[in-house]
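J.: Sharing a structure, written as structure tokens. Questions coming.
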Amino acid sequence: RLFRNLNAKNGVEFTSVHTSKLEEIKAAIKPNTKAIFLETPTNPTMEISDLRAISKIAHENNFLVIVDNTFLTPYFQRPLDLGADIVIHSGTKYLCGHNDVLVGFTVAKDPVIADKLRLIYKTTGACLGALDAWLVIRGIKT
């Protein structure tokens, strides 16, 4: 919904592919491709995508790999170590553990990208307050 209903009306184009099939990824690359966004394993079908191979394809074509790592969490999968450039996590689902805070995390490998993301959340206010941050830390500890 975010891509189709909000971003597309602002001129951002999206192509949906099965990221578990490298041939589909290669065939979907266009001159204006900027990133591959994927979740692995996927929810609910549990399809697995090869992050190393996808990262190689992306970096050879000079674009980013963005991974939704909500399902496995950093405990079971570390996408930055597998070649991803940006990783997002839903802290609400698995990291917090108490289901008492609505939170997401974005982690970037490159400090330049991290600074760009920081500018966005500081400008829009889409960041945690002190209590929410404490609840996340408490949840991760337990």
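J.: Given the condition of a type outside the set (Ser, Thr, Tyr) and at pLDDT 95 or above, answer yes or no: does some residue in segment 38-47 qualify?
T.: Pass one, segment 38-47, residues of a type outside the set (Ser, Thr, Tyr): 38-39, 41, 43-44, 46-47.
The next check asks that each one be at pLDDT 95 or above; those that pass are 38-39.
Checking segment 38-47: at least one residue is of a type outside the set (Ser, Thr, Tyr) and at pLDDT 95 or above.
J.: Something else: Only one of Phe63, Phe37, Phe76 is out of contact with any strand residue (DSSP E or B) (no Cβ under 9 Å at 6 or more places or on another chain) and either among the hydrophobic types (A, V, I, L, M, F, W, C) or closer than 27 Å to Gly97 by Cα (or both); which? Even if it seems obvious, please write down each step before you answer.
T.: Details: Phe63 fails: out of contact with any strand residue (DSSP E or B) (no Cβ under 9 Å at 6 or more places or on another chain); Phe37 fails: out of contact with any strand residue (DSSP E or B) (no Cβ under 9 Å at 6 or more places or on another chain).
The conditions single out Phe76.
J.: Sticking with this one: Would you be able to tell me the number of residues in segment 82-100 that are out of contact with any strand residue (DSSP E or B) (no Cβ under 9 Å at 6 or more places or on another chain) and closer than 15 Å to Ser49 by Cβ?
T.: 0
J.: Continuing with this model, one more query. Since Gly97 meets every condition but one in (1) in contact (Cβ under 8 Å) with a residue 40 or more places away in the chain; (2) exposed (fewer than 13 other Cβ atoms within 10 Å of the Cβ), which condition does it not meet?
T.: (2)
J.: Glu13: exposed (fewer than 12 other Cβ atoms within 10 Å of the Cβ), at pLDDT below 95 and not basic (Lys, Arg), yes or no? Can you show your working first?
T.: On the way: exposed (fewer than 12 other Cβ atoms within 10 Å of the Cβ): yes; at pLDDT below 95: yes; not basic (Lys, Arg): yes.
For Glu13, the condition - exposed (fewer than 12 other Cβ atoms within 10 Å of the Cβ), at pLDDT below 95 and not basic (Lys, Arg) - is met.
J.: Taking Val107 as the residue in question, decide whether it is out of contact with any Pro (no Cβ under 9 Å at 6 or more places or on another chain) and either farther than 25 Å from Pro41 by Cβ or at pLDDT 90 or above (or both).
T.: Details: out of contact with any Pro (no Cβ under 9 Å at 6 or more places or on another chain): no; either farther than 25 Å from Pro41 by Cβ or at pLDDT 90 or above (or both): yes.
So Val107 fails the test.
J.: While we're on this one: Looking at segment 24-41, which of the residues that are farther than 21 Å from Ala108 by Cα and touching a residue at least 24 places away in the same chain (Cβ under 8 Å) is surrounded by the most Cβ atoms within 10 Å (Cβ to Cβ)?
T.: Kept after step one, since they are farther than 21 Å from Ala108 by Cα, are these residues of segment 24-41: 24-32.
Keeping just the survivors that are touching a residue at least 24 places away in the same chain (Cβ under 8 Å) gives 25-26, 29.
On the way: Ile25: 23, Lys26: 11, Ile29: 16.
Restricting to residues being farther than 21 Å from Ala108 by Cα and touching a residue at least 24 places away in the same chain (Cβ under 8 Å), the top hit is Ile25.
J.: Let me ask something else about it. Being within 30 Å of Leu131 (Cα to Cα) and out of contact with any Ser or Thr (no Cβ under 7 Å at 6 or more places or on another chain) is true for just one of Ala8, Ala108, Ala53, Ala27. Which residue is that?
T.: Values: Ala8 fails: within 30 Å of Leu131 (Cα to Cα); Ala53 fails: within 30 Å of Leu131 (Cα to Cα); Ala27 fails: within 30 Å of Leu131 (Cα to Cα).
Sole residue among the options that is within 30 Å of Leu131 (Cα to Cα) and out of contact with any Ser or Thr (no Cβ under 7 Å at 6 or more places or on another chain): Ala108.
Conditions (1) among the hydrophobic types (A, V, I, L, M, F, W, C); (2) under 19 Å from His18 (Cβ atoms), marked per residue:
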residue: Leu51; (1), (2): yes, yes
residue: Asp68; (1), (2): no, yes
residue: Phe105; (1), (2): yes, no
residue: Thr123; (1), (2): no, no
residue: Ile137; (1), (2): yes, no
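J.: Anything in segment 54-104 that is under 16 Å from Glu39 (Cβ atoms), among the charged types (D, E, K, R) and part of a loop (DSSP other than H, G, I, E, B)? List them, or say none.
T.: Arg78, Asp85
J.: Sort through Gly83, Gly91, Gly125, Gly104 and tell me the only one that's without any contact (Cβ under 8 Å) to a residue 60 or more places away in the chain, exposed (fewer than 11 other Cβ atoms within 10 Å of the Cβ) and small (Gly, Ala, Ser).
T.: Values: Gly83 fails: exposed (fewer than 11 other Cβ atoms within 10 Å of the Cβ); Gly91 fails: exposed (fewer than 11 other Cβ atoms within 10 Å of the Cβ); Gly104 fails: exposed (fewer than 11 other Cβ atoms within 10 Å of the Cβ).
Exactly one residue qualifies, and that residue is Gly125.
J.: Which pairs have Cβ atoms under 6 Å, sit 6 or more apart or on different chains, and link a residue in segment 1-23 that is within 18 Å of Asp68 (Cβ to Cβ) to one that is assigned to a helix (DSSP H, G or I) and acidic (Asp, Glu)?
T.: Taking only residues 6 or more apart or on different chains, the pairs are Val17/Glu24; His18/Glu24.
The values are calculated or read from the model by the stated rules, or taken from the named source; none is laboratory data. As the structure is a computational prediction, the values presented were derived from the model and not from experiment. Neighbour counts run over all protein chains shown; Cβ positions are idealised from the backbone, glycine included.
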